[in-house]
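> One structure follows; several queries about it will come next.
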Amino acid sequence: MKIGLISLGCDKNRIDSENMLAYLQDDGYELTGEPSEAIIIIVNTCGFIDSAKQEAIDTILEMAEYKKDKCKYLVVTGCLAQRYMEDLEKEFSEVDMFLGTANYHKLPLLIKNMVEGQSERCYANDKDARAFSSKRVLTTPYHYAYLKIAEGCDNKCTYCAIPNIRGRYTSRKIEDIVDEAKSLVKEYGISELIIVAQDVSRYGIDLYGEIKLIDLLKELSKLDVQWIRLLYLYPEQVTEELVEYMASNPKICKYIDIPCQHVSNKILKLMNRKVTKEQIVDLIAMIRKHGDFTIRSTFIVGFPREEQEDFDELKEFISWAKLDRCGFFAYSMEDGTPASRLSGQIDEEVKLQRQEELYSLQENIMADKLKDRIGSVVDVIYEGIDYDLQLFYGRSSYDAPEIDTKVFFYSDKPVEIGKIYKVKLHNVDGIDYFGQVVEE
């Protein structure tokens, strides 16, 4: 039978989807990217914030329409299924099976039982259940892959439901991670490894009794990859030792993603963040002292009890820090989180106004920073062709896939997807660069 899978949400969820596809392929199922061809459709959901939940519900309903034609079975997995399984079971009669955030290794057997009419409908799991797997069917372009080094989170930020969904922080063994990376390099020939977890910066603390991120990076750097990128480093764990190592290792992208979430000490305390504004300011200065790093961050506006002066403090910080990349999110009240029980909830209209104001400010900052790189030569990984522009395009080492800027370029010589080229940047249009391949 043909199986199609729709993966929603974050890159960590994507890895779960790739694990599922590998289990199913090993069991003899044929995979298809076309829902109209699938006998079984799986929707791997996100359930993090309201917009993600709505996207998941809309996708479930959209995929259910295929049951009027060729599709016979609809399976819903992932965070939304784990978090709201009882409610979903009542609301979605079209869904034949719900599966939580683990037990994906059991999926072939569960599907077999479902087809034979011998299965239950719901399979929630202990949120701390772990079944790490190195089996993957890569769904990214073959020149890069995400690599999950831990599951769950112990930070207990008051706005976040992830600990309730994904459980405690659990690191994978260094040797298992390296073996998976070797397999990805051997099978797909990837050029870029992107290291992910809910909190990459705490890697190893639970398993080895101390943080082992640098040790892991040393082992991964021995592999035949050109770039290693780190995502989601919590600010309180970004040490000078780590930044110095990143600066000195030519394979590590000079790209630091540190979700700060706010800078008002009052709001940071209400969020149960383990950092202060003063520490964030010192951290940014320290990173910049060690070289030309791209610094990316995310911030939440409209958190309960965020007064105008708290927002003004955040706005002033954004103006001062001039971060390279920023995401701004309107606070989403999540069931079962401590923040949902706080007094002083902010009107949606105010949240969206503040979000828009910060995006407008950051756009101007980013435009100036992009202009600063014009005339420089950067490493660019070639990813495809824009036929409208009649140009190649790719990403510099300062840009992560799907969320950051592109580099459009032309070349006098043939170029190969997934290879890295020196590109001189001639100009910028919006958030995208234009340039030309130059000799080494």
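> Which ³J(HN,Hα) values, rounded to whole Hz and listed in residue order, are derived for the stretch 408-419 from phi using the Karplus coefficients 6.51, -1.76 and 1.60 in 6.51 cos²θ - 1.76 cosθ + 1.60 with θ = phi - 60°, glycine and proline given as x?
8, 8, 10, 9, 7, 10, x, 10, 10, 4, x, 8
> Whole number in Å², please: accessible area per residue of the chain, 1.4 Å probe, ligands, DNA and RNA not counted.
44 Å²
> Assuming a ≥ b ≥ c are the square roots of the Cα gyration tensor eigenvalues, decide whether the stretch 208-367 counts as rounded (a/c under 1.5), prolate (otherwise, with a/b larger than b/c) or oblate.
Prolate.
> Continuing with this model, one more query. Taking a 1.4 Å probe, which of 359, 245 shows the most accessible area, and what order do the others take after it?
Descending accessible area places them as 359, 245.
> List the aspartates and glutamates whose Cα sits under 12 Å from the Cα of residue 274, skipping any in the same chain fewer than 8 residues away.
Here the aspartates and glutamates satisfying the reach criterion relative to residue 274 are 154, 236.
> If you don't mind, another one. Pull up all non-local amide H partners of residue 32: gap of 5 or more, or a different chain, and H-to-H distance under 5 Å with H placed in the peptide plane.
It is 3, 4, 5, by chain and number.
> Please list 3J(HN,Hα) in residue order for the stretch 275-285, calculated via the Karplus relation 6.51 cos²θ - 1.76 cosθ + 1.60 where θ = phi - 60°; whole Hz, with x for glycine and proline.
Result, rounded to whole Hz: 8, 10, 4, 4, 5, 5, 4, 5, 5, 4, 4.
> Could you derive backbone 3J(HN,Hα) for the stretch 424-440 from the dihedral phi with the Karplus parameters 6.51, -1.76 and 1.60 (θ = phi - 60°), listing whole Hz in sequence and x where the residue is Gly or Pro?
With coefficients 6.51, -1.76 and 1.60, one gets 8, 7, 9, 7, 10, 10, x, 10, 10, 8, 10, x, 9, 5, 10, 5, 4 Hz.
> Of 212/289; 12/422; 112/156; 218/254, which sit over 27 Å apart, Cα to Cα?
Table pairs above 27 Å Cα-Cα are 12/422; 112/156.
> Going by the alpha-carbon gyration tensor, a ≥ b ≥ c the square roots of its eigenvalues, is the stretch 5-131 rounded (a/c under 1.5) or, if a/c is not under 1.5, prolate (a/b greater than b/c) versus oblate?
Since a/c stays below 1.5, the shape of the stretch 5-131 is classed as rounded.
> Moving to a separate point now. Write down the Å³ per residue value for the convex hull defined by the alpha carbon atoms of the stretch 358-428.
Value for the stretch 358-428: 102 Å³ per residue.
> Could you work out which residue, out of 151, 244, 416, moves most in a Gaussian network model of the chain, that is, has the largest mean-square fluctuation with Cα springs under 10 Å?
Top of the fluctuation ranking is 416.
> Same structure, new question: In debye to the nearest 20, how big a dipole does the chain give about its Cα centre with +1 on each Lys and Arg Cβ and -1 on each Asp and Glu Cβ?
940 debye
> Could you please put 420, 177 in sequence from largest to smallest accessible area, using a 1.4 Å probe?
Largest accessible area first, the residues go 420, 177.
> Give the value in nm², to one decimal: projected area of the alpha carbon convex hull of the stretch 35-107, averaged over all directions.
Projected over every direction and averaged, the Cα hull of the stretch 35-107 covers 4.6 nm².
> Sorted by accessible area with a 1.4 angstrom probe, largest first, how do 391, 268 fall?
391, 268
> Among 301, 421, 60, whose Cα projects farthest towards the positive end of the dipole of the chain, with charges put on the beta-carbon of Lys, Arg (+1) and Asp, Glu (-1)?
About the Cα centre, the residue reaching furthest to the positive side is 421.
> A further question on this structure: Dividing the Cα radius of gyration by the Kirkwood radius, what Rg/Rh value follows for the chain?
Over the Cα atoms of the chain, Rg/Rh equals 0.96.
> A follow-up question, please. Tell me what the chain gives for mean residue ellipticity at 222 nm when only DSSP H runs of n ≥ 4 count, each as -39,500 (n - 2.57), the sum divided by the residue total, rounded to 500 deg cm²/dmol.
-10500 deg cm²/dmol
> May I pose another question? Using a 1.4 angstrom probe on heavy atoms only, work out the carbon and sulfur share of the accessible area of the stretch 218-307 in %.
Carbon and sulfur together cover 49 percent of it.
> Quick check of the Kirkwood formula: for the stretch 128-226, what is the inverse mean of 1/r over all pairs of different Cα atoms, in Å?
Mean inverse Cα-Cα distance, inverted, gives 14.2 Å.
> Keeping all protein chains in the complex and leaving out DNA, RNA and ligands, what accessible area do you get for residue 105 with a 1.4 Å probe, in Å² to the nearest 10?
Looks like 90 Å² after rounding.
> Let me make sure I get this right: for the stretch 1-56, a, b and c are the square roots of the gyration tensor eigenvalues over alpha carbons, sorted descending. Under 1.5 in a/c it's rounded, otherwise prolate if a/b > b/c, else oblate. Which is it?
It comes out oblate by the Cα gyration axes.
> Charges at C-beta only: +1 for Lys and Arg, -1 for Asp and Glu. How large is the resulting dipole of the stretch 207-271 about its Cα centre, in Debye rounded to 20?
240 debye
> Next question. Highest mean first, what order results for 55-65, 111-121 on Cβ atoms within 10 Å?
Order by mean packing, descending: 55-65, 111-121.
The values are calculated or read from the model by the stated rules, or taken from the named source; none is laboratory data. What you see is a predicted model, and the numbers here were worked out from it, not measured in a lab. In this analysis, Cβ positions are derived from the backbone assuming ideal geometry, glycine residues included, and neighbour counts consider all displayed protein chains. The protein model used for the area step is the full one, side chains on, heavy atoms only, and it has no ligands, DNA or RNA in it. Shrake-Rupley method; radii C 1.70, N 1.55, O 1.52, S 1.80 Å.
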